Amino acid sequence: MLYLFVLLCFFMTCARTQVSINHEQISQVKRANTGSTARIECKVDSDAYVHWYVQRPNEGLKRILHVKGNKKTYDAGFTDSKYKVEYRADNIYVLDIVKLAAEDEGTYYCAAWQLPSSKEFGSGTQVIISDKSPQEPAVTVLATSKEVVKDIGSATLLCSLQNFFPEAIQVMWTEVGRSEELKSEQGELVKDASTNMSSLYSWITIHQTDIGKIFRCKYKHEGNGNRWREVEYNTASLKDTNQYEITNSSCMDTADLTDGVDVGPMIVVRAAQLIYALLLLKCLLYCPFLLLFRYKSSK
């Protein structure tokens, strides 16, 4: 019984130590040798030891320092004259990299203890040293044709993100009216060496039962202020309208049923025929009475 109690307490402790880390900034483009500073914010949802790491191009991951509250400890090769850390309210940690130079380019990660034997890493913020300004991607959403949907019973929505800088970007799909992220696939990032611009494709597959719903391709990039933007696609355009046309054929007007023939003269002729028939019937009814009246008058 004591063993079960200890085991339960262990799992409860583990559950409480689950850490969520949020890097709001995907990237920061800075110019070198201008005395500029890269400021990276990291929000941790619990009171834990926070570690800052850097991974420079073609190098392994290195820890800069670890901190809890206002207490900080630097690793060898890193000093507070270059890397300044600040703790704010609501468990927000800030890392400043001052007097930026070309060798400061890399991806900086915030991490926190999840369990005594492992760490939970954030998504990271990429610092790019360049004279080029950030440029937001040109985004278009495309879809398979109605014929393909009819044949295979599903559709693919493709989000094309073209000509953006820097290459750091986040892409996700959602359905309008629902907040959860949809399962999607993503191609390899293509980079044009001559222009330093990048392109990317992301896509989802939806079933025929989802045709008619609206889906969003959402993306976050430094070119739009590291904020989420979205492009919607209404799949109602993929519906097969043949059945609709057949079931509503009874509602078509007379001109449609006569293959384009002008029915105006036909209606006039039919009306004349009806009037003639009524006059003929009237004559047939009154003629015997007229003959009888004339016969009696002659006597």
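The values are calculated or read from the model by the stated rules, or taken from the named source; none is laboratory data. None of the values given here were measured: they were computed from a predicted structure. Backbone-built Cβ (ideal geometry, glycine too); neighbour counts: all protein chains shown. When the accessible area is computed, the model is the full protein with side chains, heavy atoms only, and any ligands, DNA or RNA have been set aside. Shrake-Rupley method; radii C 1.70, N 1.55, O 1.52, S 1.80 Å.
Of all residues in the stretch 115-156 being in a loop (DSSP other than H, G, I, E, B) and among the acidic types (Asp, Glu), which is farthest from Lys30 (Cα to Cα)? Steps first, answer last, please.
Of the stretch 115-156, the ones in a loop (DSSP other than H, G, I, E, B) are 116-117, 122-124, 130-134, 136-137, 144-145, 153.
Those left that are additionally among the acidic types (Asp, Glu): 131, 136.
Values: Asp131: 7, Glu136: 16 Å.
Taking the candidates together, the pick is Glu136.
For the stretch 121-158, which positions are open to solvent by 60 Å² or more (accessible area, probe 1.4 Å), among the charged types (D, E, K, R) and in contact (Cβ under 8 Å) with a residue 60 or more places away in the chain?
Residues satisfying the conditions are Asp131, Lys132, Lys146, Lys150.
Pairs please, first residue from the stretch 36-51 and closer than 16 Å to Glu222 by Cα, second anywhere and part of a strand (DSSP E or B) and of a type in the set (Lys, Arg), Cβ atoms under 7 Å, 6+ apart in sequence or on different chains.
Ala38/Lys30
I'd like the full set of residues that are in a loop (DSSP other than H, G, I, E, B) and hydroxyl-bearing (Ser, Thr, Tyr), limited to the stretch 52-101.
Thr79, Ser81
Give me the pairs, please: first residue somewhere in the stretch 223-242 and open to solvent by less than 40 Å² (accessible area, probe 1.4 Å), second residue anywhere and assigned to a loop (DSSP other than H, G, I, E, B) and among the small types (Gly, Ala, Ser), beta-carbon distance under 7 Å, and either six or more positions apart or on two chains.
Thr235/Gly212
Just to confirm my filter: which strands (runs of 3 or more DSSP E) fall fully inside the stretch 176-237 and include at least 2 residues that are more than 11 Å from the chain's Cα centre (by Cα)? Quick ask: steps written out before the conclusion?
Details: elements: 190-192, 197-207, 214-221, 227-234.
Those strands (runs of 3 or more DSSP E) span 190-192, 197-207, 227-234.
Among the residues of the stretch 22-31, is any part of a strand (DSSP E or B), surrounded by fewer than 16 Cβ atoms within 10 Å (Cβ to Cβ) and at pLDDT 85 or above? Show your work before the answer.
To start, the set of residues in the stretch 22-31 that are part of a strand (DSSP E or B) comprises 22, 27-30.
This time we only want the ones that are surrounded by fewer than 16 Cβ atoms within 10 Å (Cβ to Cβ), so: 22.
In the following step, the residues that additionally are at pLDDT 85 or above were identified as none.
The answer is no, given that none of the residues of the stretch 22-31 is part of a strand (DSSP E or B), surrounded by fewer than 16 Cβ atoms within 10 Å (Cβ to Cβ) and at pLDDT 85 or above.
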